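Step one of this worksheet: look at the structure below.
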Amino acid sequence: MNQLFTEIDDDLKQDKFLNLFKKYKYKIIIFVIILFFIIFFFIGKNILFEIRAKKTTQEYVYILNLISEKKNDEAKKRLEDLKNSKINIYKVLAISKLLELSKNDKNKQISLLDEAISGDIERNDKDLFKIKKAILIFESSDENKFFDLLNPSDFKNSPWKILSLEMLGDFYLDRGQKNKAKDIYNQVLKIENIPELFKKEIEKKVKALIK
């Protein structure tokens, strides 16, 4: 008897499922098709990324070989193409290598950095390039340009926040604006979990300003 009731219950469940499927079959079919295309899209996207990454890696290794052979002109041409890569790490590597190859041309370096800062690269990398530009223009920049470059509000959540503030403080100190320098240094000291090396260096600068 129990077996009979179980079979009847199973049949009812099966009928209920079939009726539900008949009622919503078109929606279910559309859902399955959409799900299939989503899965196919992401799998295809990952495969394309891996192919592109492999090809770009080979290109970068070839460029490094050109540089080791002192074929800098050809290397620069290829790096110019590589810095337009869709893969962020290779954009950054290409720009960094171009900066290295242009070390005797300050204007070229600044032009490369401006392009990087305004370009489509990740925020943290942009902040690093801002630091590099700040080093290049430290002696020649006016206050407004330098502050705009290292504006503390732009570095609020940046891993380069401490270094950017220290450089900004050093800039004011170099220009004889001691109160502004002290202000910036104190902002650094208020940062939680500041590395001890930075903390000691900043404290030393603040003490020198008080004397």
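Any read-out appearing in this document is the output of simple, stated calculations on the displayed coordinates, not a laboratory observation. Model, not experiment: these values are computed from the prediction. With ideal geometry, Cβ positions are generated from the backbone for all residues, glycine too; neighbour counts draw on all protein chains shown.
Let me make sure I get this right: for segment 85-154, a, b and c are the square roots of the gyration tensor eigenvalues over alpha carbons, sorted descending. Under 1.5 in a/c it's rounded, otherwise prolate if a/b > b/c, else oblate. Which is it? Oblate, because a/c is 1.5 or more while a/b does not exceed b/c.
Among the listed pairs Lys70/Lys108; Lys83/Lys199; Lys54/Lys156, a Cα-Cα separation exceeding 26 Å is found for Lys83/Lys199; Lys54/Lys156. For a paramagnetic label modelled on Glu196 (point 7 Å from Cα along Cα→Cβ), amide N atoms under 20 Å away belong, within segment 136-177, to 162-163. Loop-located GluC sites (Glu not before Pro) in segment 95-189 (DSSP state other than H, G, I, E, B) with a sparse environment of at most 16 neighbouring Cβ atoms within 10 Å: Glu122, Glu139. Be a star and scan segment 134-149 for residues whose amide nitrogen sits under 14 Å from the point 7 Å along the Cα-to-Cβ vector of Lys106. The answer is 134-142, whose backbone nitrogens lie closer than 14 Å to the label point.
Set the bar at 20 Å for Cα to Cα. Now go through Lys130/Lys190; Lys91/Lys126; Lys91/Lys161; Lys126/Lys180; Lys86/Lys161 and name every pair that lies beyond it.
Listed pairs above 20 Å: Lys130/Lys190; Lys91/Lys161; Lys126/Lys180; Lys86/Lys161.
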